[in-house]
Structure formats: C-alpha cells, structure tokens
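Here the structure comes first, spelled out in structure tokens, and everything after it is commentary.
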Amino acid sequence: MPALAELSPGQRGEVLSVTGDPALVQRFYELGLLEGEQVEVIALAPLGDPIEIRVGNSRLSLRRAEAAGISVRLISEG
Amino acid sequence: MLTATLTVALVGNPNTGKSTLFNALSGLRQKVGNYPGVTVEMKKGQFSTDGVTVDLIDLPGTYSLAARSPDEMVAVDLLLGRRPEEPRPSVVVSIVDATNLDRHLYLTSQVCDLGLPVVVAVNMTDAAAAQGIKLDYAALSERLGVPAVPIQANKGIGLTELTKAIREAAEKGSAPSGPAFPELFESGAAELQKEFNGEVPAFLVRRALIDIGGYTEQWLIEQHGNGLQAKLTSAREKLAAAGHAVPGVEARTRFAWVRSAVAAAVTKPAVPPVTWTDRIDAVLTHRLWGMLIFLAVMFLMFQSIFQWAKPLMDSISSGQEAIGKGVESVMPVGPLRALLVDGVINGVGSVLVFLPQILILFAFIAILEDCGYMARAAFLMDRVMSPCGLSGKSFIPLLSSVACAIPGIMSTRVIENRRDRFTTILVAPLMSCSARLPVYVLLIGAFIAKPGSPSWLPGLVLFAMYMIGFTVAPLVALTLKRTLLHGAPPVFVMELPAYRRPKIGAVLRRMWEAGKAFTIRAGTIILAAMIVVWALLYFPYTDANGESYPARIEKAEDAVKENTDRLKELKEKDEASKKEPAEGEPASPALTDDEKAELEKLEEAAALPDKLNGEWKRNSLLGRTGLWMEPVFRPLGWDWKIGVAAMASFPAREVIVGTFGILYDVGDVDPKAVGDDKAEDEAKEKAAGLTKAVQEEWAKDPVRGKYGVPVALSVMVFFALCCQCAATLAVIKRETKSWLWPAFTFAYMTTLAYLGAMLTFQVGRLVVG
C-alpha cells in the first residue's frame, strides 16, 4: 500500500485512506480528494517537492509531507 | 411584494470567474468594505434590474464554509446575518465551474444549509462544451432543489437570466433543504444545540461539531467555557463509533448528494479529452523547461519594474520640480512657501513616484493570476521558500521588493494564509530596494573605489550589500514564524487552475485599484511624515541675530546671480594666465592684485548660500537633536551629522544624499545624479562635489579620517537593514490594518540596522588597526 508521494509522474492510484492533521484532511476532502477517488501524479517540482496531482477534473499541488498521509492502491497502467 | 433593495452575496471557489461575474453585474459602481479586526476586504457593488436595486457583495473565494481563521469567519458570519455592518443577504448566488461540477457543488451544498434562497450560476459553459461535457439544467435544478442558470461571465452571457432567477428566488424566499446527514449526526447536532439556548445558529453548531480545531469550535469554547470541549469530543466519539467520524461524514454526505445530481444532469465523454491546460502544463511545470520559462518570466517582470518604470518616475520627479520652481517664483520667501514647495509638493511627488512601479507590477500580477500561471510559479518555488517557513506564494512579493518594497508588500494579497502573509510583509523591506542604491553608490564612490584599489572591489561591496538582505530576510522570516507568528502548520495544498486567456479589462481594473488604494490610503500617511520631517529641518529658521535664514539665502543667491558673468570672466582670465602660452602667442597677463582679491570675494560669495543652508539645518530642531544624540551614534563610528542625515531620511532612504549635501555645505544634491554619467552637468557637478565633501569632512575628523572605510561600510549596512521609508510603513499599515505591525517593523529593522552597523564599524576598526 504505497503512499501517494511514492508514485512517479504518470502513475495512477485509488485513494485508500486519508490521514493526518484534521485541518489538512478536511481540505483534501473539500478539494475532492477522498477515499475511493482516482489520483494521478502529473509532475514534480524542480526540487522534487511539491508534487502536482490530478483528482477528478482538478489539478492540485501538495507537499510531500502532506501527501504522506494519503495511501493509495496502484492502478496498473494501460 | 418585493422590497426595493435586495442584498445578494456571491460565493464560489477561487478561479471560478466570481470576480468577473461581480464586475460584469455591478460595472464601475463598486466600493470596498472593510471589517474591523480582520484583514479581508470585500467588494460591494450595485445594479438595478426592473426597478429593483441589488446590493451585491463579493465574498472571498473559498473551497468551503468551514472557517479556519477570523478572516474566513467574516464571510460565514455575513451570510448568517451576524455582521453589524451588513444586512443579511436575501439570496446567495453560488457560482460554479461547469467543467468541474463534481467538486464545485460541494461548496454549493454547504451554501444550501444556510437557510437562505440559493441560485447556482454555472459558469464557463463554453469551456465545458469544448470538453464535450453536456449539461441538463432542468435536471440539475431539480436535483439540487435550487435554480441553476448557465452563464459565461467573461462574455456577459446569461446575466439577464441570472438576475431574473435571483429576483424570483428572493420573491419566493424559500431556502433549499440541502443534503440529508445521517440520523445520528442530526441528533448529535440537535443535542449540542441545546447548550446555547438558541443563541448560536444551527449552522455554526454543526460546523463546530464537524471542524475539529476549527475557528467555530475555538470561538464557542471561548464563549461558553471549556466544558464544551468535552461535550464536542464525546459527540464526535459517538459518531466515530457508528462509522460516521467527522470530518469524513460531511464529505461523504455532500459528495453523495453532489454525485447523484451530477449523474442525473451531466454527460461526460468516456475518455476525457486532452485539454490545452494539459499540454501547457506539460511544459510549464516541467522540471527543466518550466524552470527556464519561470526564470525568463521573473527576469522580464523584475526588469520592467526596475527599468521600464524609470522614465515614468523621472518625469514625475521633473514635473514635481517644475511645479515647485513655479510656486517658488510667484510666492514670497517664508515658512508658507517652504511648506508648500518642500513639504507638500515634494511630498505629493514622492508619493506619486511609486505609482509606475505599482502599476507595472500589478499589471504583471493580474496577468499571471488571470491566466493561471501564478499558482504554477508558487508550485515551482515552494521548495525554495519552505526552509524559511514560507510557501512558494511568497516568492513573487519578495522578488518584487528588490525593486521596491511598496508594490511587493501590496502583492502579498495572493497569500491566503494570514501568518505567511504577515511574515512576508514584515521581511519584504529587508530586500535591497532601488532607493538604497544612491546611498551605496555615493559611499562606495567616496571610500571604496579609490585610485589604487582593485577594480572588482566596488562591485563586490555592492553585491555584499544586496546579499545582506537576501541572508537576513529568510532568517527573520524563520524567527517570526517560530515566535510571534507561530501557529498550527498551514495547509499548503493549492489548486492549479486551468489556463485561461487574461482579460485586458480585468488587468486594467487591478492596476487602477492598486494605484488608487496606494495613493489615497498610503499617500496621506506618507505626506504627513514628509511634512513632519520637513518642519523639523525648517524650524527654527532664524539665526543668532534673529535674521531669517531663507531670506539671507535668497539675498545671497541674488548676489551670486548678479555677479555670475564677472566671476566667470575672472576665472577664465586666471586660468589662461596659468597656462603655458602656445608658441608664437603672447603670454596671458596675470591677474592684478585687485582682480585677485575680487575673485576671492566672489568665490566666497558663491559658496555662501550653501554655507548658510548648512548652518541653518545644523541648527534646526532635527540638527540639534542629532547633536544631542551623538553618543548614540558613536559606537557606529558616526558623528552627529551622519546621524542627522540618517534621521532626516525617515521619509525615504535616498533623502540621506540630499541631506548630506546640505549638511556638508554643497547644497541639495539630487540622489539620482550620484554615479549617473548621463545626469545633467550641474547635477553631476554637485554629486561629485558631495563625494569630495564627504571625503574631506571625514578626513578632518580623527575617527572618520582614520577609519573612513569602516564608517562608510557601517552607514551602508545601516541602510541595508533599516526601515527608513515612510511609504513602506504606510503600506504595511494599510495591508495589516493596524499600526502595531508598521511600528514593529520599524523597531526590529532599526535595531538590526544599529547592531549591524555597530558590528561592521567595530570589526572594521580592528582590521584597519
């Protein structure tokens, strides 16, 4: 069960659990990042942090530390 | 029957086109509403439709009504009719993005819980159509229980239908029911509600239950004591035990509601098409290309505020000088004329001179924000800023501050987090701005760039001065974030909006608003500071014999004017006589004794106005204060004159150059002419005269004679770190809405500057030996 931050650009996963600071978890929910959703890592910033992800029709930037609480099930490509 | 005035609030996610809709509806009839105790401003507009006047309030863009700060609470309180300044809205318009309804309707579902009539404005229908997304508005309205109106805010399409829907909703006055929460949640919230005897709206009680550690919880505990904490915790535990843990229960309930509506009303292509945003993002957030493009954009932006603004700023200064001279020529000498010319006209000029930089920076920021690039810039720079406790959003404000802290501080509005924003505001003045340059150039020219010293040394010293700001600012930021502005770690999750073409009208509006805000709100404070410092340097204006200095100076100047031609003639004759005669020509005759005496007298008279001016300023209130304060300046290696010049530069750093000129009897020197080869001859001569005068004056003194270089460095370090800039302080006051923060900024920067200058001088003295 990898964390979202461990995915490389182009990889997709299904969110299994969202944990962490309540305010952070709530913000994830508000942005549509919740259990059962599919996420895709789109890009990494030049220094590897933060990461750009797609969830639904939104693009989000989140720091690795923040993405650490999101665990995903890798969806095989193709 | 409908009342003649309707209050309508506009709510939506950031980047939904909310402001565009607001502007399209209210046109130019707008004003800014301020709310005590918070830094948010909300725009209010007005329009009429069918004899009904609509007061429109544009609430700040937000993803949710779960308030986490006093700033966010203002919007919620306003919607609940709990702000004394505003009536409760009759209708709430929830604006959503047609291409992303699944997420945007989440906020709509919260708005539906407010107990107010709601109208959903579905914006960007053209973008949705381009992506093959089809919407059935009748089905959407039915499922949501509120009217949903398609609009294109940027083209003004659908506004008539929207205003009609708003009127009808107000007429009906019925609030939607919104999503149904689990039974257990409802009963838990109802039980909690009993605690407050109906004093707190149900909406807030539910928020307190859901938002762990949120603002509503903090506020209610403050009001009703710590006993409430235990009750909240036990209610939450009960919910968690039944599988309805907060905050997840809210997300699941609302998204289930949203999804059922979307499923009924939206048809999406099976495979989402690759959008322009995907293609552009592949380049702009690319690790290499994205970075190169970012650097190019930043270079262009920086260059434009640094260079393009210069001709405009110069023409403002020349205009101000011309008006000042015009007034001088028609008014008699006296305090009134001096107040008008040196206080008011000079003050207004020094306010207006910032406008070009502000307007150019805000044009850039408006374009970058409107097209969606601002968020990408913050994404690229986040890792660079995170070590000092800030986020990528602080990068552009701090970079802009290298040109000038004023537009830099004003641009911190892009930072939503209050503590991050305040930290950025407080360290922005440490960035080495262009007003420090004349001070550096003058002192480097006088003491560092001496014949015989290595040619790279002046450049190195200048570089070091810039590095002071770049080093100290992150350290101060980190300290502030750990102490004064300490708090729970902010959430840095940020949406990267779809790219959009910026609208010229919106850009011009942003420039206009920024310019107006600065000129009116900050301008008056700057003007007041200028007049106070002018008065301190003007009074008393009589010498020991009770004669007026300005009158004596004018008389001396008239005498100089009368004798200009004679002085020139004698000088030329004198020079000619000293030259070796060319071959075959007779030698020029030497000056006679009478002529020599006359030349001497005339030269003395020519220097008299500047000498009198120096004497006057040295005896002014500020001059005397400086003399009295000399012990304070001594550890920095300064004499009282340097101290007075530093104090007189409170309105703006570059003023020190002119004040040095006056105190060293060379007259008022234009700081722009220092080190500028293209300056006019007269200005250049004065600047050169000042360089020489500083060298000579310091050479006369045992301390500054021996330690000229350490003293010069100490003055430069002081100016690198101090906040001698009334405009910066005025803008900090405006942006933080409190005098506390500008006072703090001035205090901490002056302390840093003093300590830094002292360290520089003391170490320098040891090195020189």
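The values are calculated or read from the model by the stated rules, or taken from the named source; none is laboratory data. Fair warning: this is a prediction, and the values are worked out from it, not measured in the lab. As a convention, Cβ positions derive from the backbone with ideal geometry for all residues, glycine included, and neighbour counts pool all protein chains shown.
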Conditions first: (1) surrounded by fewer than 17 Cβ atoms within 10 Å (Cβ to Cβ); (2) more than 17 Å from B:VAL249 (Cα to Cα). B:ARG167 passes all but one, so which condition is the exception?
(1)
Which one of the conditions (1) within 43 Å of the chain's Cα centre (by Cα); (2) within 30 Å of B:GLU142 (Cα to Cα); (3) more than 13 Å from every other protein chain (Cβ to nearest Cβ) does B:GLY248 fail to meet, given that it meets all the rest?
(3)
Only unsatisfied item for B:ALA576, checking (1) assigned to a loop (DSSP other than H, G, I, E, B); (2) in contact with a Ser or Thr (Cβ under 7 Å, 6 or more places away or on another chain); (3) not polar (S, T, N, Q), is (1)
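Just to be sure, is B:PHE294 touching a Lys or Arg at 6+ places or on another chain (Cβ under 9 Å), of a type in the set (Phe, Trp, Tyr) and modelled with pLDDT of 85 or more?
Details: touching a Lys or Arg at 6+ places or on another chain (Cβ under 9 Å): yes; of a type in the set (Phe, Trp, Tyr): yes; modelled with pLDDT of 85 or more: yes.
Yes.
Which helices (runs of 4 or more DSSP H) does the stretch B:221-293 wholly contain that include 1 or more residues that are of a type in the set (Gly, Ala, Ser) and farther than 25 Å from A:TYR29 by Cβ? Let's see the steps before the verdict.
Numbers: elements: B:227-241, B:248-265, B:276-284.
It comes to B:227-241, B:276-284.
Hand me the list of helices (runs of 4 or more DSSP H) wholly inside the stretch B:403-494 holding 1 or more residues that are of a type in the set (Gly, Ala, Ser) and at negative phi.
Details: elements: B:405-410, B:418-427, B:437-443, B:457-482.
Output list reads B:405-410, B:457-482.
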Taking the stretch B:465-481 as the region of interest, how many residues are closer than 20 Å to B:SER714 by Cβ and surrounded by 15 or more Cβ atoms within 10 Å (Cβ to Cβ)?
5
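Taking B:ASP55, is it surrounded by fewer than 23 Cβ atoms within 10 Å (Cβ to Cβ), touching a Pro at 6+ places or on another chain (Cβ under 9 Å) and away from chain A (no Cβ under 14 Å)? Don't jump to the end; show me each part of the working.
Details: surrounded by fewer than 23 Cβ atoms within 10 Å (Cβ to Cβ): yes; touching a Pro at 6+ places or on another chain (Cβ under 9 Å): yes; away from chain A (no Cβ under 14 Å): yes.
Taking the combined requirement at face value, the residue satisfies it.
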Is it the case that the stretch B:518-540 has a residue that's surrounded by fewer than 19 Cβ atoms within 10 Å (Cβ to Cβ), away from chain A (no Cβ under 14 Å) and under 30 Å from A:LEU4 (Cβ atoms)?
no
Hits in the stretch B:195-220 - residues which are part of a helix (DSSP H, G or I), over 18 Å from B:GLU237 (Cβ atoms) and modelled with pLDDT under 90:
B:PHE196
Would you be able to say whether some residue in the stretch B:59-79 is more than 14 Å from chain A (Cβ to nearest Cβ), in contact (Cβ under 8 Å) with a residue 60 or more places away in the chain, surrounded by fewer than 22 Cβ atoms within 10 Å (Cβ to Cβ) and not in a helix (DSSP H, G or I)?
no
Among the residues in the stretch A:64-73, are any closer than 20 Å to B:ARG254 by Cβ, touching a helix residue (DSSP H, G or I) at 6+ places or on another chain (Cβ under 7 Å) and crowded, with 22+ Cβ neighbours inside 10 Å?
yes
Determine which member of the set B:GLU191, B:GLU199, B:GLU186 is surrounded by fewer than 17 Cβ atoms within 10 Å (Cβ to Cβ), without any contact (Cβ under 8 Å) to a residue 60 or more places away in the chain and in contact with a helix residue (DSSP H, G or I) (Cβ under 8 Å, 6 or more places away or on another chain).
B:GLU191
Search result, residues across the stretch A:32-68 that are over 23 Å from B:THR277 (Cα atoms) and more than 10 Å from chain B (Cβ to nearest Cβ)
A:ALA68
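Suppose we keep only residues that are assigned to a helix (DSSP H, G or I) and touching a Lys or Arg at 6+ places or on another chain (Cβ under 6 Å) within the stretch B:699-755. Which one would you say is surrounded by the most Cβ atoms within 10 Å (Cβ to Cβ)? Before you say what the answer is, go through the steps one by one.
Restricting attention to the stretch B:699-755, the residues satisfying the condition of being assigned to a helix (DSSP H, G or I) are B:699-700, B:702-706, B:708-721, B:726-736, B:740-755.
If we keep only those that are touching a Lys or Arg at 6+ places or on another chain (Cβ under 6 Å) as well, we get B:710-711, B:719, B:734, B:742.
Values: B:PRO710: 23, B:VAL711: 27, B:PHE719: 25, B:ARG734: 17, B:PRO742: 24.
Selected residue: B:VAL711.
Quick one: in the stretch B:282-299, which of the residues that are in contact (Cβ under 8 Å) with a residue 60 or more places away in the chain and either closer than 19 Å to B:GLY408 by Cβ or of a type in the set (Asp, Glu) (or both) is surrounded by the most Cβ atoms within 10 Å (Cβ to Cβ)?
Start the filter on the stretch B:282-299 by keeping residues that are in contact (Cβ under 8 Å) with a residue 60 or more places away in the chain, which leaves B:284-285, B:290-291, B:294, B:297-298.
Filter again for either closer than 19 Å to B:GLY408 by Cβ or of a type in the set (Asp, Glu) (or both), leaving B:294, B:297-298.
Details: B:PHE294: 20, B:VAL297: 17, B:MET298: 18.
Applying the filter and picking the extreme gives B:PHE294.
Given the options B:GLN223, B:GLN218, name the one that is out of contact with any Cys (no Cβ under 9 Å at 6 or more places or on another chain) and more than 13 Å from every other protein chain (Cβ to nearest Cβ). Break it down stepwise before answering.
On the way: B:GLN218 fails: more than 13 Å from every other protein chain (Cβ to nearest Cβ).
Matching residue, one of B:GLN223, B:GLN218: B:GLN223.
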Any residue at all in the stretch A:12-31 that is surrounded by 16 or more Cβ atoms within 10 Å (Cβ to Cβ), of a type in the set (Gly, Ala, Ser) and away from chain B (no Cβ under 11 Å)?
yes
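State all residues of the stretch B:95-108 that are within 14 Å of chain A (Cβ to nearest Cβ), touching a strand residue (DSSP E or B) at 6+ places or on another chain (Cβ under 9 Å) and touching a residue at least 24 places away in the same chain (Cβ under 8 Å); if no residue qualifies, say none. Write out each step before concluding.
Narrowing the stretch B:95-108 to residues within 14 Å of chain A (Cβ to nearest Cβ): B:96-108.
Imposing the further condition that a residue be touching a strand residue (DSSP E or B) at 6+ places or on another chain (Cβ under 9 Å) reduces the set to B:96-98, B:100-105, B:107-108.
Across the stretch B:95-108, the qualifying residues are B:VAL96, B:ASP97, B:ALA98, B:LEU101, B:ASP102, B:ARG103, B:HIS104, B:LEU105, B:LEU107, B:THR108.
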Subset of the stretch B:382-394 [surrounded by fewer than 21 Cβ atoms within 10 Å (Cβ to Cβ) and closer than 16 Å to B:THR285 by Cβ]
B:ARG383, B:VAL384
